[in-house]
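Worksheet: the structure to be examined is printed underneath.
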Amino acid sequence: MTESCRLYLITPERLDPGPFADTLALALDAGEVACVQLRLKGIDDDAIRQAALTLAPVAQSRDVAFLLNDRPDLAAETGCDGVHVGQHDTSYDEARALVGDDAIVGVTCHDSRHFAMVAAERGADYVAFGAFYPTATKDAIGHPDAEILKWWSEMMTVPSVAIGGITAANCAPLVKAGADFIAVLSAVWSHAEGPGAAVEEFNKTIAEAQAAAP
């Protein structure tokens with residue numbers, strides 16, 4: 001069982017930074033959130049810069065880490081706390097060189113124990129496994145089950161992130177298995193009662209799952 005599983009928010013792939021800053025603030029003010037990852041697709045570098053410069057202070061002023069997806073160069077340039085890279089993006093070593101030793105570098109590992117071990121040995125700050133459940137957000141390469149989280153938590157001290165189709169209704173087995181972070185996207189931003197209600201619901205469910213874990 002993880003000692004303290006926490007929520008990890010991923011932004012929508014398209015957003016208007018100004019209005020979304022208010023939405024993000026509502027989500028972060030609603031309960032415990034460890035990290036926000038800015039994950040934008042199909043836009044130019046200037047738009048990514050503007051979004052990062054607008055949204056990073058919203059998270060950082062609340063002691064929430066702010067990461068940029070895929071782009072360690074822009075993460076360093078815009079004052080993000082770090083970067084998340086995939087297996088087909090910038091390499092871990094290049095990302096680390098760009099953001100520095102004090103920044104966070106997380107690595108997507110899909111359902112591969114080998115990828116995770118390599119990333120940890122290189123110095124990754126966390127490894128991300130998934131997709132655990134069906135998701136329309138992106139084409140998932142890996143489809144692990146919760147056992148990989150249990151194995152990792154017993155073997156390694158590097159934190160794990162569970163990602164992919166996770167909702168408040170289905171996250172409990174992942175929390176009980178040992179995930180250090182639960183990464184969510186549409187389950188927060190598309191919640192019928194708004195992102196604040198979603199964060200509250202996730203935190204309640206995570207706490208209950210941890211209390212019920214052996």
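Before moving on, here are some points about what is shown:
- Verdict on THR108 being of a type outside the set (D, E, K, R) and either part of a helix (DSSP H, G or I) or surrounded by fewer than 19 Cβ atoms within 10 Å (Cβ to Cβ) (or both): no
- The set of residues in the stretch 173-187 being more than 16 Å from ARG113 (Cβ to Cβ), among the small types (Gly, Ala, Ser) and without any contact (Cβ under 8 Å) to a residue 40 or more places away in the chain consists of ALA187 alone.
- Cβ-Cβ under 7 Å pairs, at least 6 apart or on other chains, the stretch 52-77 side assigned to a helix (DSSP H, G or I), far side at pLDDT below 95 and buried (at least 20 other Cβ atoms within 10 Å of the Cβ): none
- Any hit, the stretch 90-99, residues being assigned to a loop (DSSP other than H, G, I, E, B) and surrounded by 20 or more Cβ atoms within 10 Å (Cβ to Cβ): no
- The stretch 141-166, subset in contact (Cβ under 8 Å) with a residue 24 or more places away in the chain and among the hydroxyl-bearing types (Ser, Thr, Tyr), residue surrounded by the most Cβ atoms within 10 Å (Cβ to Cβ): SER160
- Filter pass, VAL105 being in contact with a Lys or Arg (Cβ under 6 Å, 6 or more places away or on another chain) and either free of Cβ contacts under 8 Å to residues at least 40 places away in the same chain or of a type in the set (Asp, Glu) (or both): yes
- Any hit, the stretch 20-34, residues being closer than 16 Å to VAL158 by Cα, crowded, with 18+ Cβ neighbours inside 10 Å, touching a strand residue (DSSP E or B) at 6+ places or on another chain (Cβ under 9 Å) and in contact (Cβ under 8 Å) with a residue 60 or more places away in the chain: yes
The values are calculated or read from the model by the stated rules, or taken from the named source; none is laboratory data. Quantities reported herein were computed from a predicted structural model and do not represent experimental measurements. All Cβ positions, glycine included, derive from the backbone under ideal geometry; neighbour counts span all protein chains shown.
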